[in-house]
Amino acid sequence: MRFFPWGFWLLCVASAPARGDSGSKARSCAEVRQLYGAKGFSLSGVPQAEISGEHLRICPQGYTCCTSEMEENFANKSRSEFEAMMKEAGRSVQTTLTAQHRSFDSYFQDLLNKSEKALYDAFPSIYGELYTQNMKVFKDLYSELRRYYRGSNINLEEALHEFWTRLLERLFKLMNPQYHITDEYLDCMVKHAEQHKPFGEVPRDLKVKATRAFIAARSYAQGFLVGSDVVKKVSQVSLSHECTRAIMKLMYCPHCRGMSSVKPCNNYCLNVVKGCLANQADLNTEWKYLMDSLVVVADRIDGPYNVDTVIGTIHMRIAEAISNLQENKDSITAKVFQGCGNPKISTKGSSSEDKKRRGKVVLEAKSSAQALEMLVLDAKGNLTALKTYWITLPGSLCSKKVTASAAADDKCWNGMTKGSYLPEVMGDGLANQINNPEVEVDITKPDMTIRQQIMQLKIMTNRLGNANIGNDVDFQDASDDMSGSGSGDSCPDDVCGKRLSKSPSTRQPETHAIPKQSGHGVNGASSRSLPSAFLLFLWVAFITAQHLGR
């Protein structure tokens, strides 16, 4: 029976708490209490000193300053704070894009307004009734040009053709006031007169140059708005449950472990954020295409399409066209009479208004080419800087918001304790997260909101591509093109067939540094000491039973 007291002593030792220094005093939770209160939570129930952490569901289950309620509150707080970081980063990009749109839009509208104002200021004194009686024709032209630029579904070539037709009808009647000209006669007149180019080459030349300039300007302005809207919608995508747990572990678990001053390891932070923003990173390819397309069209606007000259001189081209008609009035009228017959003589008598002005009209155009050049230069710089936004976002958030440690730091928070972080950093995008050691990501279920935004980028890039070669594209609501959204944009077939599993067969083992034993630390979670203690208990019980059996 002498063995029994010795066995009982071993049992007591095995049942003792597995703390690095059983005689040391529990650490104070003053720092965590201060942080918890600063986040707006009640300090009621918050431990004054460390407690055992078997109750924790996210943080390592060693000695801790966090209760279950605190862990849950910190998790919710980390979620809201990370989503706020995303929105703040997104707002910065939105501000840049909307500022570029505002600058170009203001320039372009001002260019159009000045052209219209120059026409209104000069034409009354030059043409008299020829202008005042037909003012609506000119107003309607500028109104249609503005509507087209703002995105209305208008055929610009048809709008210009309609303007020249209406102007020809009005001017022909004013230049032949001695005749009674019916609508039927005007229809015939238009058909015959157009064959002889009553306005010279101006309508054809303006149609080519103005349509290219307006198509480019409209697509360019719209591209900035689409980019801004995509960022806004993507920034509002909520975090997954798995991501919330990972962000909590990254941002607040070190506080619970009494390591408030220890910064997260940089590579650890990158893996967490890349896992959380895996879908967002898939925007990268189409986002870069959009930025590149905007740069190309910007060069067109300031180069071959010469927006400043074309849009800023519309009034001058109209005046040139009217002068051509006046100079060729007699030959045009004779050819019309030959083809359509002589109209009846009007009983109202004739007017001499057509003699108000003849010959070439000289109008001045104030160039703003330098302003456009500066706008384009500024835009190209910003667009180039934004090209890699989605794949550089994790690094930016880790360095500026999460304030992760330096890459070579071996005394940082690695998710378990203070030490180095060994796992490799994952690649960008959803498919590359199949073995992410920090965030469980289902690569077979891409986020549909983000897939829709990828499609929006594709549609806008296609419009810019058409604008680059002078082709017009209807600006229908992009949502009309969303049938089958996400097809072809989800993960590859050879990857999507593998649903992510956390079993050892499909993911690399976690290789966190083993926590160092110290007077205050815990050699692993306290719950991990239970199996060894239990085995020791069974062994002692077995030896004791054998001894008693003798």
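Quick notes
- If you model segment 400-468 as an ellipsoid using its alpha carbon gyration tensor, with each semi-axis the square root of five times an eigenvalue, the axes come out at 37, 17, 10 Å, biggest first.
- Binning the C-alpha pair distances of segment 366-444 at 5 Å intervals from 0 yields a P(r) profile of 3, 11, 13, 17, 15, 10, 7, 6, 6, 5, 4, 2, 1, 0 %, listed from the shortest bin outward.
- Amide H contacts of Ala49: Cys29, each under 5 Å away and 5 or more positions distant or on a separate chain (H built 1.01 Å from N in the peptide plane; Pro and chain starts excluded).
- Note on surface exposure: Leu43, Leu239 rank Leu43, Leu239 by accessible area, highest first, 1.4 Å probe.
- Backbone phi angles across segment 292-297, fed through the Karplus curve with coefficients 6.51, -1.76 and 1.60 (θ = phi - 60°), yield HN-Hα couplings of 5, 5, 5, 5, 4, 5 Hz in residue order; Gly and Pro are listed as x.
- The modelled label-to-label distance for the pair Glu184/Asp292, using points 7 Å beyond Cα in the direction of Cβ, is 6.1 nm.
- Accessible-area value, Ser399, 1.4 Å probe, nucleic acids and ligands omitted, Å²: 70
- Per residue, the solvent-accessible area of segment 36-153 (1.4 Å probe, heavy atoms of protein chains only, all protein chains present) comes to 45 Å².
- Take each peptide in 166-177, 76-87, count the other Cβ atoms within 10 Å of every residue, and average; sorted highest first, the result is 166-177, 76-87.
- With the alpha-carbon atoms of segment 144-192 aligned to their principal axes, the span from lowest to highest coordinate is 43, 17, 14 Å, starting with the largest.
- Kirkwood-Stokes translational diffusion coefficient of segment 51-103, alpha-carbon pairs, 10 °C, 1.306 mPa s, µm²/s: 116
- Here the mean projected area of the convex hull built on the C-alpha positions of segment 70-163 is 9.4 nm².
- Loop sites in segment 391-445: GluC sites (Glu not before Pro), DSSP, at most 16 other Cβ within 10 Å: Glu424
- Order of exposure, largest accessible area first, which applies to His101, His196 with probe 1.4 Å: His196, His101
- Taking all protein chains into account, the per residue accessible area for segment 176-242 stands at 44 Å² (1.4 Å probe).
- Over every Cα atom in segment 173-305, the radius of gyration and the widest Cα-Cα span, Dmax, amount to 30.8, 100 Å.
The values are calculated or read from the model by the stated rules, or taken from the named source; none is laboratory data. Computed from a prediction, not measured in an experiment: that's the story for all the values here. When we count neighbours, we look across all protein chains shown, and the Cβ atoms used for this are built from the backbone with ideal geometry, even at glycine. To get the accessible areas, we keep the full protein, side chains included, count just its heavy atoms, and leave off ligands, DNA and RNA. Shrake-Rupley method; radii C 1.70, N 1.55, O 1.52, S 1.80 Å.
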